[in-house]
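Trainee: Let me give you the structure first, and then I'll get to my questions.
The values are calculated or read from the model by the stated rules, or taken from the named source; none is laboratory data. It should be emphasised that the depicted structure is a prediction, and the values quoted were computed from it without experimental measurement. Cβ: placed from backbone, ideal geometry, glycine included. Neighbour counts: every protein chain shown.
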Amino acid sequence: MVSSNKSINVSKRNSRESEVLNIDKIHSMVEYACEDISGVSSSQVEMNADLQFYDNISTDEIQKILIKSASDLISLDNPNYTYVASRLLLFSLRKGIFHKLWDHPHFYDHLKRIVNIGLYDKEIMADYNRSEFDRMEYWIKHDRDYDFTYAGLRQVIDKYLVQDRSTGVLYETPQFMYMMISAVLFSKYPKNKRMSYVKKYYDAISQFKINIPTPVMAGVRTPMRQYASCVLVDIDDTLPSIFSSDMAVGRYIAQRAGIGINAGRIRGINSRIRGGEVQHTGVIPFLKKFEATVKCCTQNGVRGGSATVHFPIWHKEIEDIIVLKNNKGSEDNRVRKLDYSIQLSKLFYERFIKDEDITLFSPHEVPELYKAWGSKEFDKLYEIAERKTSIWKKKIAAQELFMDILKERAETGRIYIMNIDHCNDHSSFKDRVWMSNLCQEITLPTDPIQHIDGEGEIALCILSAINIGKINRPEELEPLCDLAVRSLDEIIEHQAYPIKSAEKSTKARRSLGIGYIGLAHYLAKKGYSYEQKQAWKEIDKLTEAFQYYLLKTSIELAKEKNKCEYFDKTKYADGILPIDTYKKEVDQIVDRKLAYDWEELRKEIKKYGLRHSTLSAQMPSESSSVVSNETNGIEPPRDYLTVKKSKKGPLKQIVPEYNKLKNNYTLLWDMKSNEGYINIVAVMQKYFDQAISANWSYNPEHFEDGKVPLSVMANDLLNTYRLGWKTSYYQNTYDSKKDEEEPAHPMTYEEEPKKVEDEDCDPCKI
């Protein structure tokens, strides 16, 4: 670093004033950023910065250079530079907001200021008195901001802190954000216990024990009250339903939600309309309409708009639908900005195995068939329809169609699989599940709307996750499950509903989706790999405790506030639990006696009911896992150090406790097969009442000629079905030629790797 030079002036932040460059100030800031952090050097940060000062350089520019210098030094040999870079970024944040590094305003003064600006919901001022705000001030631990890694803090600043995205002006620090979220969520709790829950929840989220999703982290405390991560929109075969549904998609995309769309009822191309006066255009033009809505309503800076469209495998246009994402066709016959989920059932797997035909139909010609889709009556009605001579139908070899699906899944990574019979048989609902969400972890009943304000059922799900990387024993889940359920229950009441059919069903069913982050970290602490039977047994113990504690809290809330309105529409009302309906083939993986008193729990559920129709779902949780410095959801890490692109430069993330646990982690691309991962997901699904966003991953280097055989994918498909997977999400294939800053991503089947157009989907990353 250059020595002090009085001829160089520095322009100060947020003012037209300047001062003479003072090198000592820079030394002092860097030294403080390195204080009490092992394995780092302030002089190394300064030398690596190689600052070339120029007259009127801004303090902001100096800080950016130092932050980049520290972040560039992050490596497996020097992992702690992530905290140096984070501190330097935090100093910049504090200077920008408060014009000082050390002192924060009183919580009440901060709150009042931001309310007056119009960026915080003003209702919070009336919910608490001054003495309660004083207690919150006492509880806030601003030093917890030092617990962020650089990648985590960067994510919080870029995505979650309240700010003016047109100017880049920020208005809060992370701890103010966490306390505000906690205060808002529990503001309507009984006064004799709400402050206790405010503190407990603040401590849990600010110490990364509970992970909250993007809509909650970015939205709770602001005037925009939409916090659902997942929205399921079912569409009927009518123009009013299609156009009303499109409007609903737009409203929720604009408010940070990820969308699931069921277009399976829409009739196929060239079908008769108005007695043959015209022919139907087919589903693709309508998909283009949904695609345009998703693109134009995306929330830049917070989350990208995304949607997954669901179709049954027997739909008339299925051959064209499964290729909509690939790059081989023209724009006229491709809809690439949507993802697609293909719905299967036992009948079609059997025909695949037996090398028989699948018959395609236009749904409007076989309404009784679609009505039975996902039920035990379907097979008989399907075979009857196959014998009809009065309707359009087409036969295609099951193996040909399945292989085409698998090829497209390998090519794009985003042709998903939904086992619709499992979604209904192993469901908490008596009502039919017709579809899933964007990321394939939500399985809730829906009913098409014919008017934006009309009857029907749009399903919403509120998400959260427990950071199991922070616990050592299943019993430690109990207080965290209690907090997670109670906070999400409050969100249902607090949030606004732009569409009536969404409000009615959400408040009546009160469906929640709580899952894990940090599974890889948890197993590493136990010393188990994903491929070991001990790991499967450990996950069985953990997930049993998890679902048990979730249900226990829902019972307590039913006692306190009453059971949900639609409780009688759940199987829980009849005493049927997830442990009664799972695929018994899972017992071949882990045959363990249940550790908790499920029979007593069953009695309590029948006596008091549940506050919620569902409680568990496993989401991807990519973005928020970075915030918590935790491994991603239930996924094995791709490497000890991964690099994610961001608008502010590459973000390096190192697995938790790397120096201590590096020999214990299971790395994704080291796994020779998906077997261990498939078994873990199956064990989790045994207890979960919704679905699990689970992936298939392949490293071509493990196969002859560096190509993943279709037979391997087909075997994984059959195994996931046999073991009760409800859905299959991404297919990831290792690309050894990838840029080091590009996350490994799906590649072309038996061709040169191709980059997928979109980054990993945002809305369900929670």
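Trainee: Those residues that are assigned to a loop (DSSP other than H, G, I, E, B) and either in contact with a strand residue (DSSP E or B) (Cβ under 6 Å, 6 or more places away or on another chain) or over 17 Å from residue 87 (Cβ atoms) (or both), I need them from segment 100-153; list them, please.
Mentor: 105, 106, 118, 119, 120, 121, 122, 128, 129, 140
Trainee: Under 6 Å by Cβ, and 6 or more places apart or on different chains, what pairs join a residue from segment 28-49 that is within 15 Å of residue 71 (Cα to Cα) with one that is of a type in the set (D, E, K, R) and buried (at least 20 other Cβ atoms within 10 Å of the Cβ)?
Mentor: Here the result reads 33/87, each pair linking segment 28-49 to a residue that is of a type in the set (D, E, K, R) and buried (at least 20 other Cβ atoms within 10 Å of the Cβ).
Trainee: Follow-up. Can residue 489 be described as within 30 Å of residue 719 (Cα to Cα), assigned to a helix (DSSP H, G or I) and either at pLDDT 95 or above or in contact with a helix residue (DSSP H, G or I) (Cβ under 7 Å, 6 or more places away or on another chain) (or both)?
Mentor: Taking the combined requirement at face value, the residue does not satisfy it.
Trainee: Which residues, taken from segment 249-266, are buried (at least 24 other Cβ atoms within 10 Å of the Cβ), assigned to a helix (DSSP H, G or I) and either more than 20 Å from the chain's Cα centre (by Cα) or not β-branched (Val, Ile, Thr) (or both)?
Mentor: Within segment 249-266, just 252 meets the criteria.
Trainee: Just the residues that are surrounded by 19 or more Cβ atoms within 10 Å (Cβ to Cβ) and either in contact with a His (Cβ under 6 Å, 6 or more places away or on another chain) or not hydrophobic (A, V, I, L, M, F, W, C) (or both), please, taken from segment 335-348.
Mentor: Scanning segment 335-348 gives 337, 339, 340, 341, 343, 345.
Trainee: What are the residues in segment 193-216 that are charged (D, E, K, R), in contact with a helix residue (DSSP H, G or I) (Cβ under 7 Å, 6 or more places away or on another chain) and assigned to a helix (DSSP H, G or I), if any?
Mentor: Those that are charged (D, E, K, R), in contact with a helix residue (DSSP H, G or I) (Cβ under 7 Å, 6 or more places away or on another chain) and assigned to a helix (DSSP H, G or I): 199, 200.
Trainee: Quick check on segment 72-82: of everything there that is buried (at least 24 other Cβ atoms within 10 Å of the Cβ) and out of contact with any Leu (no Cβ under 7 Å at 6 or more places or on another chain), which residue is farthest from residue 642 (Cα to Cα)?
Mentor: 82
Trainee: Out of all the residues in segment 209-232, which are in contact with a Lys or Arg (Cβ under 7 Å, 6 or more places away or on another chain) and either farther than 16 Å from residue 486 by Cβ or among the hydrophobic types (A, V, I, L, M, F, W, C) (or both)?
Mentor: The answer is 214, 215, 218, 219, 226.
Trainee: Here are 101, 90: which of them is buried (at least 22 other Cβ atoms within 10 Å of the Cβ) and of a type in the set (A, V, I, L, M, F, W, C)?
Mentor: 90
Trainee: Which condition from (1) closer than 28 Å to residue 298 by Cβ; (2) crowded, with 18+ Cβ neighbours inside 10 Å is the one that residue 179 breaks?
Mentor: (1)
Trainee: In segment 9-66, what residues are among the charged types (D, E, K, R) and either assigned to a strand (DSSP E or B) or more than 36 Å from the chain's Cα centre (by Cα) (or both)?
Mentor: Answer for segment 9-66, where residues must be among the charged types (D, E, K, R) and either assigned to a strand (DSSP E or B) or more than 36 Å from the chain's Cα centre (by Cα) (or both): 12, 13, 16, 17, 19, 24, 25, 31, 46, 50, 55.
Trainee: List pairs: first residue in segment 451-468 and on the phi > 0 side of the Ramachandran plot and assigned to a strand (DSSP E or B), second residue buried (at least 24 other Cβ atoms within 10 Å of the Cβ) and among the aliphatic types (A, V, I, L, M) anywhere in the structure, Cβ distance under 9 angstrom, at least six positions apart or on different chains.
Mentor: Partner pairs satisfying both residue conditions: none exist.
Trainee: Tally time: how many residues in segment 366-382 are in contact with a Gly (Cβ under 9 Å, 6 or more places away or on another chain) and either in a helix (DSSP H, G or I) or free of Cβ contacts under 8 Å to residues at least 60 places away in the same chain (or both)?
Mentor: Residues in segment 366-382 being in contact with a Gly (Cβ under 9 Å, 6 or more places away or on another chain) and either in a helix (DSSP H, G or I) or free of Cβ contacts under 8 Å to residues at least 60 places away in the same chain (or both): 1 in total.
Trainee: Checking residue 400 against (1) more than 31 Å from the chain's Cα centre (by Cα); (2) under 27 Å from residue 334 (Cβ atoms); (3) modelled with pLDDT under 95; (4) not aliphatic (A, V, I, L, M): exactly one of these is not met. Which one?
Mentor: Going through the list (1) more than 31 Å from the chain's Cα centre (by Cα); (2) under 27 Å from residue 334 (Cβ atoms); (3) modelled with pLDDT under 95; (4) not aliphatic (A, V, I, L, M), residue 400 breaks only (3).
Trainee: For the condition modelled with pLDDT of 95 or more and closer than 30 Å to residue 427 by Cβ, what is the one hit in 692, 654?
Mentor: 692 is the lone residue from the list that is modelled with pLDDT of 95 or more and closer than 30 Å to residue 427 by Cβ.
Trainee: Looking at 524, 535, 558, 545, can you tell me which residue is under 28 Å from the mean Cα position of the chain (by Cα), closer than 30 Å to residue 157 by Cβ and assigned to a helix (DSSP H, G or I)?
Mentor: Checking each option against the conditions leaves just 524.
Residues checked against (1) in a helix (DSSP H, G or I); (2) under 30 Å from residue 631 (Cα atoms); (3) charged (D, E, K, R):
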position	(1), (2), (3)
191	no, no, yes
218	yes, yes, no
227	no, yes, no
242	yes, no, no
268	no, no, no
285	yes, no, no
289	yes, no, yes
292	yes, no, no
